[in-house]
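The values are calculated or read from the model by the stated rules, or taken from the named source; none is laboratory data. Since this is a predicted model, take the numbers as computed values, not measurements. Backbone-built Cβ (ideal geometry, glycine too); neighbour counts: all protein chains shown.
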């Protein structure tokens, strides 16, 4: 199955990032995982959140940001990859002038129902 990037519509997720679901069981016929491109615009932040059952992998393709992962905060930049275990609080803060682009792989596939917002 071929998914053409231009055919995938962008939407805003529960955490506030802009997402293109490149592969997802809802529309692609796969069963166990999803792959999305997340964009965190320059000067913005995603909401601190966790996923109850999904394990996530972030791979930065463009830009730089501060990542909070559990009790740690560190800089991520193009080429970095981060493992986010289930039930681990995380967010991205882009304080730079360039948008942050991240490939996000989730297993099981991403769902809003599995996402718990922690920012109040």
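Data table
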item	result
Residue that is surrounded by fewer than 15 Cβ atoms within 10 Å (Cβ to Cβ) and touching a strand residue (DSSP E or B) at 6+ places or on another chain (Cβ under 6 Å), where the choices are 78, 36, 89	78
Per-region count, region 49-58, residues more than 14 Å from residue 103 (Cα to Cα) and surrounded by 15 or more Cβ atoms within 10 Å (Cβ to Cβ)	4
Selection status of residue 67, over 11 Å from the mean Cα position of the chain (by Cα) and farther than 20 Å from residue 86 by Cα	no
Lone unmet requirement of (1) out of contact with any strand residue (DSSP E or B) (no Cβ under 7 Å at 6 or more places or on another chain); (2) at pLDDT below 95; (3) surrounded by fewer than 17 Cβ atoms within 10 Å (Cβ to Cβ) for residue 10	(1)
All positions within region 96-120 that are over 15 Å from residue 55 (Cα atoms), free of Cβ contacts under 8 Å to residues at least 60 places away in the same chain and either surrounded by 12 or more Cβ atoms within 10 Å (Cβ to Cβ) or in contact with a helix residue (DSSP H, G or I) (Cβ under 8 Å, 6 or more places away or on another chain) (or both)	96, 98
Residues satisfying the stated conditions in region 85-113, i.e. part of a loop (DSSP other than H, G, I, E, B), modelled with pLDDT of 95 or more and closer than 14 Å to residue 15 by Cβ	88, 89, 94
Criterion: over 21 Å from residue 6 (Cα atoms), within 12 Å of the chain's Cα centre (by Cα) and in a strand (DSSP E or B) - qualifying residue of 56, 116, 37, 21	56
Checklist (1) more than 13 Å from the chain's Cα centre (by Cα); (2) in a strand (DSSP E or B) applied to residue 32, failing item	(2)
Pair list, Cβ < 7 Å and 6+ apart or interchain, from region 1-17 residues that are farther than 15 Å from residue 51 by Cα to residues that are loosely packed, with under 14 Cβ neighbours inside 10 Å	1/29
Filter result (surrounded by fewer than 20 Cβ atoms within 10 Å (Cβ to Cβ) and either modelled with pLDDT under 95 or not in a strand (DSSP E or B) (or both)) within region 59-75	70, 71
